[in-house]
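Q: Below are the structure tokens for one structure; questions will follow.
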Ligand code: COA
């Protein structure tokens, strides 16, 4: 028993903001952002919320899969930027979709959120606890940014991606996950401070902070290892992978991973130029781009990999069944 992706969807906020527009907000340049990251544009939520984007992506994935919301028995949302502390984004999606038969919960695995969601769904399938799952990665990271901090606010964007996944005999060939909390201090965002009658703690919102080079080193070392392990576990050759769909953090990370794996960049589709880094939404949006543009055929082998805050990372080899 494994998991098969049977439909994908995505949603982006209306407002697109290019690098030049950021030049008027922080001390940066289009040239700096493009040369260090590859990012040219990102979408920023104005009217949209994490939940509204997640619902839109979920509806598109359900349509693409040709299933009804009533068939869903599991909804998992990977997010670090839910609108509410509770109820979860997943429960809000359940309500919006009218999916009463689903168990719904959020997971925080940052940019590996979609991969962790896929692993949990597969485990539910193996345990006969579910048959049809909706996995969503949804983020409004613009609200986590300090818009005076040029080292972070230029990198991230908002959006959501989703996949409907079904218990099947074919689909996911292997799955690798890892976490390293020891080094997690390199990429953080504070939540509410303790604030009660027994402490005096002036409420102060905290924003995302990052040691960029430490995160870069982590990604470039860990991702190729995870990819190799996933391919080994799948029992296939690296050359059999048609596309490596990596978390869209930075073109330099993707180029370094491609080089270490000795694979051509043509096998690494990217959309970070248009969307920036959307954490958990990044991988499912890229998968949806590739799927909707008709670039996947039955029998194609693809690799998905996510990595980020925690640190967390995950990789999966899939054989496309549609
Ligand atoms: N515009 C212009 N200058 C900027 C800038 C910006 N947006 N952000 C930082 N700088 C400046 C720094 O202040 C620094 O200036 P200084 O030399 O005068 O101190 C200089 O650029 C170099 O900064 P540094 O942080 O050393 O740059 P870098 O080459 O490491 O590139 C990153 C920065 C963030 C692009 C790079 O470290 C990276 O890609 N890291 C991984 C980040 C990531 O992907 N995170 C998400 C993972 S899920």
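No lab work stands behind these numbers, since they all come straight from the coordinates. This is a predicted model, so every value here is computed, not measured. So basically every Cβ, Gly included, is an ideal-geometry build from the backbone, and we count neighbours across all protein chains shown.
Q: For residue 96 and residue 292, compute 0.36 nm times the residue count separating them, minus their Cα-Cα distance, and round to one decimal in nm.
A: 68.2 nm
Q: Over region 110-225, how many percent of alpha carbon pairs lie in each 10 Å bin up to the one with the longest distance?
A: 11, 29, 31, 21, 7, 1
Q: Separate question: Classify region 92-143: rounded, prolate or oblate, from the alpha-carbon gyration tensor (a ≥ b ≥ c, eigenvalue square roots; a/c under 1.5 rounded; otherwise prolate if a/b is larger than b/c)?
A: Oblate, since a/c reaches 1.5 and b/c is not below a/b.
Q: Given 25 °C and 0.890 mPa s, how large is the Stokes-Einstein diffusion coefficient of region 35-97 in µm²/s, with Rh as the Kirkwood radius over Cα pairs?
A: Translational diffusion coefficient: 183 µm²/s.
Q: Here's another thing I want to ask about it. In whole Å, largest first, what are the principal axis extents of the Cα atoms in the chain?
A: Taking the Cα atoms of the chain, the three principal extents are 53, 48, 37 Å.
Q: Using 0.36 nm times the number of residues separating residue 16 and residue 29, minus their current alpha carbon distance, what extension gain do you get?
A: 3.0 nm
Q: Quick one: divide the alpha-carbon radius of gyration of region 159-294 by 2.2 N^0.38 Å and tell me what you get.
A: 1.30
Q: For region 137-186, what ratio Rg/Rh do Cα atoms give with a Kirkwood hydrodynamic radius?
A: Checking Rg against Rh, the ratio lands at 1.14.
Q: If you average the sequence gap of Cα pairs under 8 Å that are 6 or more apart and divide by the length of region 100-253, what percent do you get for the contact order?
A: 20
Q: Here is a further query. Could you work out [θ]222 nm for the chain from helices alone, using -39500 (n - 2.57) per DSSP H run of at least four and dividing by all its residues? Round to the nearest 500 deg cm²/dmol.
A: Computed mean residue ellipticity for the chain: -9500 deg cm²/dmol.
Q: How large are Rg and Dmax for region 216-322 when calculated on the C-alpha trace, in angstrom?
A: Cα only, region 216-322: 12.8, 37 Å (Rg, Dmax).
Q: Residues of region 148-175 with the amide nitrogen closer than 13 Å to a label point 7 Å from the Cα of residue 207, along Cα-to-Cβ, please.
A: Those under the cut-off are 148-156.
Q: Still on this model: In the Gaussian network model of the chain, springs joining C-alpha atoms below 10 Å, which of 204, 228, 183 carries the largest mean-square fluctuation?
A: Result for the chain, Cα springs under 10 Å: 204 fluctuates most.
Q: If you project the alpha carbons of region 1-131 onto their three principal axes, what span does each projection cover, largest first, in Å?
A: Principal extents (largest minus smallest coordinate, Cα): 53, 29, 29 Å.
Q: Using the Kirkwood radius over Cα pairs, work out the Stokes-Einstein diffusion coefficient for region 264-313 at 10 °C and 1.306 mPa s, in µm²/s as a whole number.
A: Rounded, D is 130 µm²/s.
Q: Another one. For region 1-160, what is the relative contact order in percent, using Cα pairs closer than 8 Å and at least 6 residues apart in sequence?
A: 31
Q: When only Cα pairs under 8 Å and 6 or more residues apart are kept, what is the percent relative contact order across region 233-285?
A: Relative contact order comes out at 46 percent.
Q: Between 223, 26, 257, which gets the highest mean-square fluctuation from a Gaussian network model of the chain, Cα cutoff 10 Å?
A: Judging by the Gaussian network model, the answer is 26.
Q: Taking the chain as a Gaussian network, Cα atoms linked when under 10 Å apart, which of 181, 113, 276 shows the biggest mean-square fluctuation?
A: Comparing 181, 113, 276 in the GNM, the peak value goes to 181.
Q: Once you place label points 7 Å from the Cα toward the Cβ at residue 255 and residue 40, how far apart are they in nm?
A: Spacing of the two 7 Å Cα→Cβ label points: 1.5 nm.
Q: Tell me the Kirkwood hydrodynamic radius of region 24-69 in angstroms, computed as one over the mean inverse distance between distinct C-alpha pairs.
A: The answer is 13.7 Å.
Q: Could I ask something else about it? Figure the gain on full extension for residue 68 and residue 129 (residue separation times 0.36 nm, minus the Cα-Cα span) and round it to one decimal in nm.
A: So the extension gain works out to 20.1 nm.
Q: Output the Cα-based Rg and Dmax of region 174-241 in Å, rounding Rg to one decimal and Dmax to a whole number.
A: Here Rg and the maximum Cα pair distance are 19.2, 61 Å.
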